[in-house]
Amino acid sequence: MTKIIVIGSGVIGLSSALLLSYAGFRVSVITRNPEEATSWVAGGMLAPFSEGLEGLLFDFSYESLKEYPSFVSFLGDVSGQKVDLWMEGINRVVLKGEDELFSKAQAYAEKGYKVELLEPSSLLSRDVQGIIHYAEEGWVDAQMLMDALLFAVSRMGMEFTIDHIVRAHMEEERVVYLEGLKGKYEADFYLFCTGAWTKTLFDLPVFPIKGQALKVKDFYVSRVHYSSVSYIIPRSRYTYIGATSETDGFNPDTTLEGLKNLSENALRIIPSMKHARLISTLVGFRPASPDSMPIFKVGENYLVLTGHHRNGILHAPITAKLVESYLVRGEKTPYMDVFSADRFKNP
């Protein structure tokens, strides 16, 4: 039986590990900290339209969006855990001066996607000039998703090791073994899903974009309100307000400036949120790339999957299926070339 080691325990790594284990591979996961992954603090929006994505990145994202209901159902069956998923559409908030968003919506509608223009409700501020309802979008409780993935790993009998991998020992394009602080690890195939920390092992242009977010209670909206300055996400137990985008390295600090911006921008959309009560603050590090698209590196006996930036949660189902197709059937999907790390090589 082929032995596979997955390095990293974020949503991409665990989703891939789950599908590979279910396909019959002997899978183990190595992570330095299972609570470190940015997936735990993500907003969980499944929003390729609201994000304004285009081209092959939109195609990749839309395919993954359509996989989400079956992916969550499968995960629930394997893990025995409930994962809250809402597929009721997202309200894209259009502020004054953002008329180009209506043009973007029209372009999506002309391609046959489900788009509806709504009048702003009385809940919204006077800065809001319109609402674009993207009916195909949704959102998932990212914390529940990650909990379920960890339960699934356990129930599938996968070995889960806490160690910091400091080096992948290579011979040309082949991994010979992994060196951790606690030991040496060998496998037939290696899957590196190390997110914003990818550069510690590979010379790839991945860098962290810090995001601060808030959880609040005593306020509820029925649907995500996504704007250029804020996103307000209802969950079953609280409301999530996100998120800053900061080039601050791996500084884990919550700042007063960040909290001020989050609060003021949320109130700019929904003034009555001033009565909401703060539960907690969150900080995560998105794995960004220079062109804001994923990076896939294919080696002789390894794959690197990184650079998903703002869309790691959204991209989890299709990325895991891409890995499964490659290892089970030897199929290299076109996306592995589209997002190849080779695009950053000097000519």
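The values are calculated or read from the model by the stated rules, or taken from the named source; none is laboratory data. Keep in mind the model is a prediction, meaning the values are calculated, not measured. Every residue, glycine among them, receives a Cβ derived from its backbone with ideal geometry; neighbour counts consider all protein chains shown. The accessibility values were calculated without ligands, DNA or RNA, using every heavy atom of the protein model including side chains. Shrake-Rupley method; radii C 1.70, N 1.55, O 1.52, S 1.80 Å.
Tabulated results
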quantity	calculated
Check on K215, part of a strand (DSSP E or B) and open to solvent by less than 10 Å² (accessible area, probe 1.4 Å)	no
Meets criteria (under 24 Å from Y326 (Cβ atoms), among the small types (G, A, S) and modelled with pLDDT of 95 or more) for G157	yes
First in the range 99-125 and more than 25 Å from Y220 (Cβ to Cβ) and at pLDDT 95 or above, second anywhere and outside any loop (DSSP other than H, G, I, E, B) and charged (D, E, K, R), Cβ under 8 Å, 6 or more apart	L101/R92; A105/R92
Residue tally, condition touching a residue at least 12 places away in the same chain (Cβ under 8 Å) and in a helix (DSSP H, G or I), over the range 43-65	8
Number of the condition not met by Y240 [criteria: (1) farther than 19 Å from L145 by Cα; (2) assigned to a strand (DSSP E or B); (3) touching a Lys or Arg at 6+ places or on another chain (Cβ under 9 Å)]	(1)
Count of the range 33-86 residues which are open to solvent by 20 Å² or more (accessible area, probe 1.4 Å), within 30 Å of L181 (Cα to Cα) and at pLDDT 95 or above	3
So V11, is it within 16 Å of the chain's Cα centre (by Cα), in contact (Cβ under 8 Å) with a residue 24 or more places away in the chain and open to solvent by less than 40 Å² (accessible area, probe 1.4 Å)	yes
Counted residues, the range 83-140 - those being assigned to a loop (DSSP other than H, G, I, E, B) and under 20 Å from S64 (Cα atoms)	12
Hits in the range 292-317 (condition: open to solvent by 20 Å² or more (accessible area, probe 1.4 Å), touching a Gly at 6+ places or on another chain (Cβ under 9 Å) and in a loop (DSSP other than H, G, I, E, B))	S292, M293
Qualifying residue in the range 68-81 (condition: touching a helix residue (DSSP H, G or I) at 6+ places or on another chain (Cβ under 7 Å), touching a residue at least 60 places away in the same chain (Cβ under 8 Å) and closer than 17 Å to M293 by Cα)	no
Number of positions in the range 260-277 that are open to solvent by less than 40 Å² (accessible area, probe 1.4 Å) and in contact with a strand residue (DSSP E or B) (Cβ under 7 Å, 6 or more places away or on another chain)	5
Count - residues of the range 218-251 that are surrounded by 14 or more Cβ atoms within 10 Å (Cβ to Cβ), among the hydroxyl-bearing types (S, T, Y) and more than 18 Å from the chain's Cα centre (by Cα)	4
Boolean, V166 is β-branched (V, I, T) and either without any contact (Cβ under 8 Å) to a residue 24 or more places away in the chain or in a loop (DSSP other than H, G, I, E, B) (or both)	no
Check on S280, out of contact with any Leu (no Cβ under 8 Å at 6 or more places or on another chain), surrounded by fewer than 21 Cβ atoms within 10 Å (Cβ to Cβ) and not in a loop (DSSP other than H, G, I, E, B)	no
Residue in the range 252-259 that is outside any loop (DSSP other than H, G, I, E, B) and open to solvent by 60 Å² or more (accessible area, probe 1.4 Å) present	yes
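So that you can scan it fast, the table gives a plain yes or no per residue for (1) in contact with a His (Cβ under 6 Å, 6 or more places away or on another chain); (2) among the polar types (S, T, N, Q); (3) within 24 Å of M45 (Cα to Cα); (4) at pLDDT 95 or above:
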residue: L303; (1), (2), (3), (4): no, no, no, yes
residue: G307; (1), (2), (3), (4): no, no, yes, yes
residue: R310; (1), (2), (3), (4): no, no, yes, no
residue: I313; (1), (2), (3), (4): no, no, yes, yes
residue: I318; (1), (2), (3), (4): no, no, yes, yes
residue: L322; (1), (2), (3), (4): no, no, yes, yes
residue: G330; (1), (2), (3), (4): no, no, no, no
residue: T333; (1), (2), (3), (4): no, yes, no, no
residue: S340; (1), (2), (3), (4): no, yes, no, yes
